[in-house]
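Okay, structure first, notes after.
The values are calculated or read from the model by the stated rules, or taken from the named source; none is laboratory data. On a predicted model such as this, the values are computed, not experimentally measured, just so you know. Methodologically, a virtual Cβ is constructed for each residue, glycine included, from the backbone with ideal geometry; neighbour enumeration extends over all protein chains shown. These area figures cover heavy atoms from the full protein model, side chains too; ligands, DNA and RNA do not enter into them. Shrake-Rupley method; radii C 1.70, N 1.55, O 1.52, S 1.80 Å.
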Amino acid sequence: MTGLVLEGGAMRGLFSAGIMDVWMENGIEFDGVIGVSAGAAFGCNYKSRQPGRAIRYNKRFSKDPRYCSVRSWLKSGDIFNAQFAYHEMPTKYDPFDGDAFEANPMAFYVVCTDVETGEAVYKELTVADDDCYDWIRASASMPVVSRVVELEGKKLLDGGITDSIPLAAMERFGFERNVVILTQPEGFVKRPTRFMPLMRWNLRKYPKAVEALARRHEMYNEQLAYVALREREGAILVICPDEPLVIGHVEHDAEKMQRVYDIGRKKGEEMVAAVRTFLST
């Protein structure tokens, strides 16, 4: 089976969205997709076959305080407003095609972090309902600026804390030929976060999550090494930006969003033939 692996990176994920939109427009299909954080939030549009949706609503609401703002964070605990961004947006303002999502046989997984165990949680989403939207929200809920999301008896946050590049998970699920989209350029090395003291205080009730955050840079760099190994073995195809993507984790400049998205589209167009060849091998 063929799979698509999408790392997160907040608004760097618009690079991935641009690639995916080009591939959807060219009829490139996968048997499964797994997304982390922004990879989950934008990757769901591959299963619903809605190219252009991610960049459209992000630009439209880039300066709308109901969507993403310090005001939302102070009032609700979520910088991306949970009700507006994950429930009103997909049902009212830029409708998510739930019928197409459910009809498409492509498997779709999201990755979250269980803050009580400090371990990754993988969830296959098959029905486009409120629970589906909340699983995607949980996967993209960044520490400190998001509330813990409670689903199925678990307390969840950003999947990137514990499995930033879920290639190994996708292989365990039986997907042998995988395309991996990274949002950092080749040669990137993750460093320890300078916000660790704040995260340690914010998540003081969840010591396992704090431990995972403290070694997140080690986990990420180990995963990059595994990606490089599998690429040398010819088992995967890796796509990443040529240079660092200049955009904030929380971005209100629609022009910057469009620029990162266009970089992704250009890369996606360059890789259409290579992806088709790889998937058919």
request  = Quick one: compute the contact order of the range 59-186, relative version, from alpha carbon pairs under 8 angstrom and 6+ residues apart, as a percent.
outcome  = 20
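Using a 1.4 Å probe over the heavy atoms of the protein chains, calculate the carbon and sulfur portion of the accessible area of the chain as a whole percent. Don't skip to the end; give the middle numbers.
Working: 6330 of 12400 Å².
Carbon plus sulfur share of accessible area: 51 percent.
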query = Could you state the number of Å between the C-alpha centres of the range 55-116 and the range 171-250?
reply = 22
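Calculate, for ASN26 and VAL250, the FRET efficiency according to 1/(1 + (r/R0)^6) with r their C-beta to C-beta distance and R0 30 Å; round to the nearest 0.05.
After rounding, the FRET efficiency stands at 0.40.
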ask   = Does the range 154-231 come out rounded, prolate or oblate by the C-alpha gyration tensor, with a ≥ b ≥ c the root eigenvalues, rounded set by a/c under 1.5 and, if not, prolate when a/b is larger than b/c and oblate if not?
value = oblate
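Which value, in nm² and rounded to one decimal, describes the direction-averaged projected area of the C-alpha convex hull of the range 32-81? Don't skip to the end; give the middle numbers.
Numbers: hull surface 15.6 nm².
Across all orientations, the range 32-81 yields a mean hull projection of 3.9 nm².
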query = Taking every DSSP beta bridge that has both residues in the chain, what percent is antiparallel when rounded to the nearest 5?
reply = 40
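Based on DSSP H runs of at least 4 residues, each adding -39500 (n - 2.57), what is the mean residue ellipticity at 222 nm of the chain after dividing by all its residues, to the nearest 500 deg cm²/dmol?
Values: 11 runs with 119 residues, N = 281.
Using -39500 (n - 2.57) per qualifying helix, the result is -13000 deg cm²/dmol.
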query = Sequence-distant or interchain residues sharing an amide H contact under 5 Å with CYS68, placed H: which?
reply = ASN81
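Taking a ≥ b ≥ c as the square roots of the Cα gyration tensor eigenvalues, with a/c under 1.5 meaning rounded and otherwise prolate when a/b beats b/c, else oblate, which class fits the range 80-182? Don't skip to the end; give the middle numbers.
Details: a/c = 1.85, a/b = 1.08, b/c = 1.72.
Oblate, since a/c reaches 1.5 and b/c is not below a/b.
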remark   = Note on the chain: alpha-carbon gyration tensor, axes a ≥ b ≥ c; rule is a/c under 1.5 for rounded, else prolate if a/b larger than b/c, else oblate; result rounded
note = Most fluctuating of GLU243, GLU171, GLU218 in the GNM of the chain (C-alpha, under 10 Å) is GLU243
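Suppose all protein chains stay in the model; what accessible area per residue would a 1.4 Å probe give for the range 1-107, in Å²?
Working: 3730 Å² over 107 residues.
Value returned for the range 1-107: 35 Å² of accessible area per residue.
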